[in-house]
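Data first, discussion second: the structure below is written as structure tokens.
The values are calculated or read from the model by the stated rules, or taken from the named source; none is laboratory data. If you're wondering where the values come from, they're calculated on a predicted model, not measured in any experiment. No Cβ is skipped: glycine too gets one built from the backbone with ideal geometry, and neighbour counts run over all protein chains shown.
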């Protein structure tokens with residue numbers, strides 16, 4: 001594994017980190033046995049940065065259990081996040097933080113983030129509850145080693161946030177498709193100039209850049225290098241940037257882990273060739289013409305009160321453009337329960353609006369779900385699926 005130096009504290013961090021939101025699951029719960037195997041294999045391969053969050057169902061506890069099982073807590077850096085939007089008083093900071101220490105079975109958090117700050121106004125709101133003093137106390141006590149924030153917003157808002165506090169690091173969404181979106185690479189460079197290390201999430205944009213590239217985009221990459229997978233192309237673009245400390249990947253099986261570690265062992269800053277850079281530009285142009293919805297499948301909008309699987313709906317919608325309507329419809333039928341009694345398709349949305357404030361991408365979800373319904377020919381699909389469920393004897 002290749003390591004990069006945290007310019008703020010001198011620590012060596014693996015340039016590939018493990019994002020723990022997508023730990024392997026068994027039904028609705030984290031599969032602890034497979035998670036133990038995954039975490040142990042990651043450490044063996046040199047990964048030493050593990051990122052989780054208070055709101056990721058079962059993730060903190062699963063990571064804590066896995067590290068305790070191997071007795072390897074001190075070999076790694078743990079990152080987790082304070083959901084400031086769930087804090088209504090100063091006491092809430094300690095209540096949540098102590099629960100996190102208990103779940104993670106540790107006495108300290110190496111990299112602690114204020115979760116999903118989007119602008120200075122959001123920071124001022126949590127600051128009014130006394131979070132600055134709380135952070136100072138935790139840093140002085142050694143319970144927090146580094147303090148940062150995770151960001152979803154625009155470039156100017158990001159740069160403004162860099163200057164409102166003495167941050168030790170930050171985390172942004174970044175990949176070759178988002179170079180000019182959200183914080184942007186220019187924003188990342190601004191953080192680098194301020195000696196604020198940048199950690200990257202969504203390197204594959206919720207799987208879009210790994211498994212959902214349109215055929216024209218795949219062809220553009222293969223014309224330059226036939227042996228690379230789409231995921232490898234995505235990681236090589238990130239590892240080429242010296243301003244990025246590390247990239248997180250939500251790997252949920254050892255096979256994904258091995259593939260991504262192989263790339264992390266090889267890719268270095270400033271090594272992309274001109275033909276490779278041109279290939280990225282061509283793929284971005286192709287994607288701009290096919291991707292209709294910017295959902296990254298982060299899952300923050302879930303659970304929907306009406307049971308709509310919002311990320312799946314948008315994934316199928318995008319797939320219907322990138323790989324053809326038949327392909328998108330086929331996926332929609334399978335993943336949105338149109339052949340079962342428990343349906344999660346877009347037609348269940350009643351525009352309650354609960355999801356709107358939760359989406360980091362600021363997607364107008366109810367409005368977009370109406371587009372999904374139209375695209376998926378619901379006036380035809382609904383009666384057809386109802387007929388098929390009846391023939392199959394599905395209990396409604």
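Taking the criterion of being on the phi > 0 side of the Ramachandran plot and crowded, with 16+ Cβ neighbours inside 10 Å, would at least one residue in the stretch 51-60 satisfy it? Steps first, please.
First pass over the stretch 51-60, keeping only residues on the phi > 0 side of the Ramachandran plot: 58.
Cutting the leftovers down to crowded, with 16+ Cβ neighbours inside 10 Å gives us 58.
Checking the stretch 51-60: at least one residue is on the phi > 0 side of the Ramachandran plot and crowded, with 16+ Cβ neighbours inside 10 Å.
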Sort out which residues of the stretch 305-325 are part of a helix (DSSP H, G or I) and over 22 Å from the mean Cα position of the chain (by Cα), and write them in order of number.
320, 321, 325
From the list 228, 236, 222, pick out the single residue that is farther than 29 Å from residue 20 by Cβ and at pLDDT 95 or above.
222
Among the numbered criteria (1) in contact with a helix residue (DSSP H, G or I) (Cβ under 9 Å, 6 or more places away or on another chain); (2) part of a helix (DSSP H, G or I); (3) modelled with pLDDT of 90 or more, which single criterion is violated by residue 333?
(3)
Taking residue 330 as meeting all but one of (1) closer than 19 Å to residue 388 by Cβ; (2) surrounded by 19 or more Cβ atoms within 10 Å (Cβ to Cβ), write down the number of the exception.
(2)
Go through the residues of the stretch 114-125 one by one and say whether even a single one is without any contact (Cβ under 8 Å) to a residue 40 or more places away in the chain, closer than 22 Å to residue 197 by Cα and in contact with a helix residue (DSSP H, G or I) (Cβ under 8 Å, 6 or more places away or on another chain).
yes
Does the stretch 346-354 contain any residue that is under 22 Å from the mean Cα position of the chain (by Cα), surrounded by fewer than 17 Cβ atoms within 10 Å (Cβ to Cβ) and touching a residue at least 12 places away in the same chain (Cβ under 8 Å)?
yes
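Residues are listed down the side, and each one gets a yes or a no for (1) under 18 Å from the mean Cα position of the chain (by Cα); (2) in a helix (DSSP H, G or I); (3) not assigned by TED's automatic domain parsing to the domain that holds residue 8:
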residue	(1), (2), (3)
192	no, yes, no
208	yes, yes, no
226	no, no, no
241	no, no, no
245	yes, no, no
260	yes, yes, no
277	no, yes, no
284	no, yes, no
Looking only at residues in the stretch 1-27 that are farther than 21 Å from residue 173 by Cβ and under 19 Å from the mean Cα position of the chain (by Cα), which one is surrounded by the fewest Cβ atoms within 10 Å (Cβ to Cβ)?
25
Wholly enclosed strands (runs of 3 or more DSSP E) of the stretch 1-117 bearing at least 2 residues in contact with a strand residue (DSSP E or B) (Cβ under 7 Å, 6 or more places away or on another chain) and modelled with pLDDT under 95:
109-117
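One line per residue, one yes/no per condition, for (1) outside the structural domain of residue 252 (by TED's automatic domain parsing); (2) touching a residue at least 40 places away in the same chain (Cβ under 8 Å); (3) more than 22 Å from residue 299 (Cβ to Cβ):
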{"position": "139", "(1), (2), (3)": "no, no, yes"}
{"position": "147", "(1), (2), (3)": "no, no, yes"}
{"position": "152", "(1), (2), (3)": "no, yes, no"}
{"position": "165", "(1), (2), (3)": "no, yes, yes"}
{"position": "176", "(1), (2), (3)": "no, yes, yes"}
{"position": "202", "(1), (2), (3)": "no, yes, no"}
{"position": "219", "(1), (2), (3)": "no, no, yes"}
Could you look through the stretch 129-165, keep only residues that are in a loop (DSSP other than H, G, I, E, B) and at pLDDT below 95, and pick out the one that is surrounded by the fewest Cβ atoms within 10 Å (Cβ to Cβ)?
154
Odd one out for residue 86 among (1) surrounded by fewer than 15 Cβ atoms within 10 Å (Cβ to Cβ); (2) under 25 Å from residue 253 (Cβ atoms); (3) within 22 Å of the chain's Cα centre (by Cα)
(2)
Among the residues of the stretch 8-54, how many are touching a helix residue (DSSP H, G or I) at 6+ places or on another chain (Cβ under 8 Å) and in contact (Cβ under 8 Å) with a residue 60 or more places away in the chain?
18
Count of the stretch 363-385 residues which are in contact (Cβ under 8 Å) with a residue 40 or more places away in the chain, in a loop (DSSP other than H, G, I, E, B) and within 23 Å of the chain's Cα centre (by Cα):
1
Quickly run through the stretch 334-345 and pick out the residues that are within 25 Å of the chain's Cα centre (by Cα) and more than 19 Å from residue 207 (Cα to Cα).
337, 344, 345
